[in-house]
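Here's the structure, in structure tokens; my notes come after.
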Amino acid sequence: MTAERELSLSESQFNKIRGIIHDSTGITIGDNRTSLLLSRLRSRLRETRDEDFKAYIARVTSDKAELQELINRVTTNKTFFYRTPRIWQHFRDVAIPAFMERNTRRPMRIWSAAASTGEEAYTAGMILEHTRSTQEGFDYRCTGTDISSKVLKQAEAGLYAVPALTQLRADGADLFDRFMGGDDTAGYKVDTQIRGRTTFKLHNLLKPLPGGASFDAVFLRNVLIYFTPEDQEAILRNVHTAMAPDAFLYIGESESIARLRTDFAIIEPMIYRPAPKRGKPLT
């Protein structure tokens, strides 16, 4: 392979790679991200022993496993437990009680749609497990999905280092003390009851979620910013189809869907519900 210092990514190669990424995930790589892409893929070319990006592009287009490796390397997966406490307070104080008023015969279903390494899905699980322990007959199921197979393996393990837990320890100390076991050196593992009710699977948000589940709350946070408005609308259509009529949708602090064509009605910043049918009030 060409020495690392000589490795370069031409404009046409950059466009081909970001086209592959968009076709596979819907994620848009900006025009000014050549250096970022090069830095994330340089070590991969060293591992595959491809001489240059022309050879690597040929590999990616003919090898599904390598395509998944490309996706794993270029996606951003920064997250942590109890991110944006106001969202979790609404989930605990509004979404869960609203569900219990309407449903007593089935589990509450939660979808963490850009789950990354699992902190969001497990945060929801902690709050739900607390409810299960205090409300007779209540149960739940959490589903976490992501486009990266690498982060999903970490999520399934349910083991976390101290930095991911800082917010939880500060604003959800009771949840941390009850549902995380371990220490600062070896890390902390999520409670077995929560992990047993949480599943993770690979999923592209631009495609409908298989299974036909009707979710009572969907967390779609800090992911729409990576898509074009057209693709955002396509994702939101898929999410809407997977939601119960009276469910809640949570998005990220830096995101808004106000200017998009969607079937959602805003409740308050970052919190939405499926828009009611004409003549039916939003409850």
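The values are calculated or read from the model by the stated rules, or taken from the named source; none is laboratory data. All values reported here derive from a predicted model rather than from experimental measurement. FYI the Cβ positions are ideal-geometry reconstructions off the backbone, even for glycines, and counts take in every protein chain you see. Areas reflect the complete protein model, heavy atoms only, side chains present, ligands, DNA and RNA absent. Shrake-Rupley method; radii C 1.70, N 1.55, O 1.52, S 1.80 Å.
DSSP beta bridges confined to the chain are antiparallel in about 40 percent of cases. Rounded to the nearest 10 degrees, the angle from helix 11-25 to the longest Cα principal axis of the chain is 30 degrees.
Considering every Cα-Cα pair within the chain, what fraction, in whole percent, is farther apart than 25 Å?
51
According to the calculation over all Cα-Cα pairs in the range 171-234, the P(r) per 10 Å bin from zero is 14, 33, 28, 22, 3 %.
Let me check something: with ligands and nucleic acids excluded, how do Lys54, Lys64 order by accessible area (1.4 Å probe), largest to smallest?
Lys64, Lys54
Counting only protein chain heavy atoms and rolling a 1.4 Å probe, the accessible areas of Glu51, Glu101, Glu268 rank, largest first, as Glu101, Glu51, Glu268. Relative contact order for the range 1-129: 23 percent, from Cα pairs under 8 Å spaced at least 6 residues apart, divided by residue count. Model label points for Ser149 and Gln135, set 7 angstrom from Cα along the Cα-to-Cβ axis, are 3.8 nm apart.
Once the chain from Arg261 to Asp177 is taken as fully extended at 0.36 nm per residue, the excess over their C-alpha distance is 26.0 nm. Across all Cα atoms of the range 131-283, the radius of gyration (one decimal) and Dmax (whole number) stand at 17.4, 57 Å. Accessible surface of Asp93, taken over heavy atoms with a 1.4 Å probe and every protein chain present, rounds to 90 Å².
Arrange the residues Arg141, Arg132 by how much accessible surface each exposes, largest first, with a 1.4 angstrom probe. Write out the running numbers ahead of the final one.
Numbers: Arg141 110, Arg132 70 Å².
Output order, biggest surface exposure first: Arg141, Arg132.
Distance between the modelled labels on Thr192 and Asp52, one decimal in nanometres: 5.7 nm (7 Å Cα→Cβ projection).
Surface exposure of the chain, expressed per residue as accessible area with a 1.4 Å probe, stands at 51 Å².
What net charge is computed for the residues neighbouring Ile267, neighbours being all others with C-beta under 12 Å from the C-beta of Ile267, Lys and Arg scored +1, Asp and Glu -1?
Numbers: positive: Arg273; negative: Asp246, Glu268.
For residues surrounding Ile267, the net value is -1.
With all protein chains present, how much of the accessible area of the range 113-259 (probe radius 1.4 Å) comes from carbon and sulfur, to the nearest whole percent? Taking all protein chains in place, the range 113-259 shows 49 percent carbon and sulfur surface. In whole Å, what is the distance between the alpha-carbon centres of the range 1-74 and the range 125-197? What the calculation gives is 34 Å, centre to centre.
In the context of the full protein assembly, Thr134 retains an accessible surface of approximately 80 Å², using a probe radius of 1.4 Å and ignoring ligands and nucleic acids. Taking every C-alpha pair closer than 8 Å and separated by at least 6 residues, the mean separation divided by the residue count of the chain gives a relative contact order of 17 percent.
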